[in-house]
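Following: one structure in structure tokens, then a few remarks.
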Amino acid sequence: MENRLDLWLVENMGIKSRSKAQELIRGGYVLCNGAAVTKTGYKVSAKNEIKLLENEVLKYVSRGGLKLEKAIREFNLDFKDKKVLDIGSSTGGFTDCALKAGAKKVIAVDVGSDIMDDTLRADSRIELYENTDIREFPYEKYSDIDFAVCDASFISLPTALKNLGAPGQSFTLIALIKPQFECGIKMAKKYKCVVNDKGLHKEIIARVIEDMDYLGFHMKKITWSPISGGDGNIEYIAEFYKGNLNDDCTEKVHLGEKEIIELTDNAFEYFKK
């Protein structure tokens, strides 16, 4: 009897959810009779030899967890026993990573519904708010967070976070800067949604940092995401601090033209491999 490949992986290969199975298939990590299959609805049966390639994606419910993992490692962040707000939680990659890093609670917010992985939905440490725009989310619900993490799409980061936090509130923000959603619709169409112009990346990074600073989020560190976006876009992940710059161990970092050039050069070189 034939079955869809994504369902086959869930029923026979120990993959926890259909969304996870689909991600693995689209990523080229599933072989059928020795050849990679990227169609999630591909029909298979017991006669086929199905294999999974070893990969880092299996560490979290979605590949997005690898982005936050790099930030935690490179920025030397401590999530142990911390309370986290996950903005644009989607299937839960950032939420999963935060919990595996020791977070005691995650408040997950997303404009969509029925997206989060089923294994996380059952986790009592997660407080999930679906069909919810973070711009309209009452800050009283996250007034005591230590971290906010954000992997939002189809919206500019400063626009998405313009209402985040209350006067006097302090926390660390880890957020993705995505050139494909910062350049504007006209420019995105010009590049067919894959923004591979290094000069434009530099302009976007500088502008986003400036706009975030205006909103009270002071940039401390930045690097490139270890994986590209779904369409192959190079993305960046930054640490911001929301609060008083006189707080202990808090220092505003100025990222000049030289540093931005070095960052983008290294990112583009990394993804040439």
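No lab work stands behind these numbers, since they all come straight from the coordinates. Quantities reported herein were computed from a predicted structural model and do not represent experimental measurements. With ideal geometry, Cβ positions are generated from the backbone for all residues, glycine too; neighbour counts draw on all protein chains shown.
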Can you give the alpha-carbon Rg of region 44-83 over 2.2 N^0.38 Å, where N counts its residues? 1.82
Can you work out the Karplus-derived ³J(HN,Hα) for every residue in region 25-38? Use 6.51 cos²θ - 1.76 cosθ + 1.60 with θ = phi - 60°, whole Hz, and x for glycine or proline. 5, 5, x, x, 8, 10, 10, 10, 6, x, 10, 5, 10, 10
Of the trypsin sites (Lys or Arg not before Pro) in region 1-95, those whose Cβ has at most 16 other Cβ within 10 Å and which sit in DSSP loop: LYS16, LYS39, LYS47, LYS80
Reciprocal mean inverse distance between Cα atoms of region 101-246 - Kirkwood radius, Å: 16.4 Å
Report the charge-dipole magnitude of the chain in Debye, nearest 20, computed about the Cα centre from +1 at each Lys and Arg Cβ and -1 at each Asp and Glu Cβ. 820 debye
Simple spin-label estimate for ASP265 and ASN196 in nanometres, 7 Å along Cα-Cβ: 2.1 nm
Is the C-alpha gyration tensor of region 61-113 telling us rounded, prolate or oblate? Criteria: a/c under 1.5 is rounded; beyond that, a/b larger than b/c is prolate, otherwise oblate. oblate
Estimated FRET transfer efficiency when R0 is 22 angstrom, pair LYS80-LYS221 (beta carbons, to 0.05): 0.70
Give me, ordered by chain and number, the residues 5 or more places off LEU173 or on other chains with an amide H under 5 Å from its own placed amide H. ALA148, PHE240, TYR241, LYS242
Can you tell which of PHE137, PHE147, PHE94 shows the greatest fluctuation in a Gaussian network model of the chain with Cα springs below 10 Å? PHE137
Flagged links, alpha-carbon separation over 22 Å, of LYS186/LYS242; LYS202/LYS272; LYS178/LYS258; LYS59/LYS104; LYS70/LYS220: LYS186/LYS242
Quick check: net charge around ALA101, other residues with Cβ under 10 Å of its Cβ, Lys/Arg +1 and Asp/Glu -1? +1
Percent relative contact order of the chain, based on C-alpha pairs within less than 8 angstrom and at least six residues apart? 13 percent
Angle between the chain longest axis and helix 198-214 axis [Cα atoms, degrees, rounded to 10]: 50 degrees
Taking only Cα atoms and a 10 Å spring cutoff, compute GNM fluctuations for the chain and point out the largest among TYR241, TYR60, TYR139. TYR139
Extension gain from ARG73 to ASP123, taking 0.36 nm per residue of separation minus the Cα-Cα distance: 15.5 nm
At q = 0.09, 0.14, 0.15 Å⁻¹, what log₁₀ I(q)/I(0) does a Debye calculation on the Cα points of the chain give, no solvent, two decimals? -0.44, -1.03, -1.15
Any idea what the dipole of region 3-54 comes to, in debye rounded to 20, about its Cα centre with Lys/Arg Cβ at +1 and Asp/Glu Cβ at -1? 160 debye
Around ALA175, what is the net charge, scoring Lys/Arg as +1 and Asp/Glu as -1 over all other residues with Cβ under 14 Å from its Cβ? 0
With a ≥ b ≥ c the root eigenvalues of the C-alpha gyration tensor of region 24-103, is it rounded (a/c under 1.5), prolate (a/b larger than b/c) or oblate? prolate
Farthest toward the dipole's positive end in region 3-54, which of VAL30, LEU7, LEU52, given Cβ charges of +1 (Lys, Arg) and -1 (Asp, Glu) about the Cα centre? LEU7
By the gyration tensor of its Cα atoms, with a ≥ b ≥ c the square roots of the eigenvalues, what is the shape of region 3-54: rounded for a/c under 1.5, prolate for a/b over b/c, or oblate? rounded
